[in-house]
Amino acid sequence: MKGLKGALFITLIGQLLCVGCKENALTPMSYGHAYEAIVVGDKDSMIYQLLSEPMVGLPQSEPTFDVTMVSKANFKADSRLVRNVVIVEIDKQKHKAVNVSSRRNVYAAPQLILTIDAPSKEALHNFLISNGKKLRNYLVKEELHRTQVHLAKHRNVEAEAKIRKLFGIDIQVPVELQASKEGKNFLWLSNNATSGVSNLCLYTINEGDFRQQRDSVMQRNILGERNNMYVQTSAIVSTSINKEVSTTIRGLWEMKNDAMGGPFVAYMRKHKPLLQRHILVAEAFVYAPESKKRNKLRALEAALYTWKE
């Protein structure tokens, strides 16, 4: 068991999770969809509210996790086989401070169980004010990692070779993205589906206004049914800079002069000297007006983070 406490908690919770954990061959498969969690003993619904916060960057509100709550007495049988479990215990006799610990593959695999111990609900409330976002992101990164494990076995190696040739980097591409279009310093990959369209783009920009340059790239390369239809940025929702190494931008796109749109995630880095001061962008975007978009976008986002130079 790993104790995540104080400064150690803050350090570990922000890191990507380990690639693999030992699993017993007899351990049953966990069940549930990605971004589902069960919360045990959360009498004041604090963890429920934390995990149910809307995911940033979607056109319609969707929770970060779909949460089911159960009492400790009912945490048995099938409920123990859920892929993400958070157990809350508030007891002032047993706990002097808030402590978070993690276990893997206890009842099923793959599975993550987080246990949060606290002396009082006030102590837990104050802890979540400072560390709640890190706790939620810890679970998100676990799901992204699971997607990457699956992706490593179901890849479009031809598309990956094309990316390597055009841009000099490695990114694992989901096998369903079979359609492609090339342009100048531009590559578009898509599943070309009749519903639930998933897309990956790679393109270069210069330092400067991202939105303006993105719109210029999209107007040249991703057109609609008529010439006056093209993809453009509807809104920039959030920008996250990771130690000046990479930047992640979440936003909404729309088709100019047409009723199409959806969410996108753009992940970018300053590229190798081959492109001098250019910035390489790997972007995921989806079009799924008939369904929810969180899991579709997250699955593509996981692919972006396989980027290696």
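Residues with amide H under 5 Å of Ile222's amide H, sequence separation 5 or more or different chain, H placed in the peptide plane at 1.01 Å from N; which? Here the answer is Val231, since their amide H atoms fall under 5 Å of that of Ile222. Of the Cα atoms belonging to the range 124-241, the radius of gyration and Dmax stand at 17.9, 56 Å. Taking amide H positions as modeled 1.01 Å from N, with prolines and chain starts lacking one, the residues under 5 Å from Asn105 and 5 or more places away or on another chain are Gln111, Leu112, Ile113. For the range 97-185, just run the numbers: alpha carbon Rg, then divide by 2.2 N^0.38 Å, N being how many residues it has. Working it through for the range 97-185, the quotient is 1.67. Summing Cβ point charges (Lys, Arg +1; Asp, Glu -1) relative to the Cα centre of the chain gives a dipole of roughly 760 debye.
Between the Cα long axis of helix 210-221 and the first principal axis of the chain there is an angle of about 50°, rounded to the nearest 10. Close amide H pairs (under 5 Å, H built 1.01 Å from N) link Ser234 with Leu252, Trp253, Glu254, residues at least 5 positions away or on another chain.
With the charge dipole of the chain set up from +1 on Lys and Arg Cβ and -1 on Asp and Glu Cβ about the Cα centre, the Cα lying farthest toward the positive end among the listed residues Leu252, Ile169, Gly57 is that of Ile169.
Computed across the range 19-174, the Kirkwood radius stands at 17.4 Å (inverse of mean 1/r, all Cα pairs).
Throughout, read-outs are computed from the coordinates displayed, never taken from laboratory work. Not measured: the values here are computed from a predicted model. Neighbour counts are summed over all protein chains in view; Cβ atoms, including those assigned to glycine, are modelled from backbone coordinates with ideal geometry.
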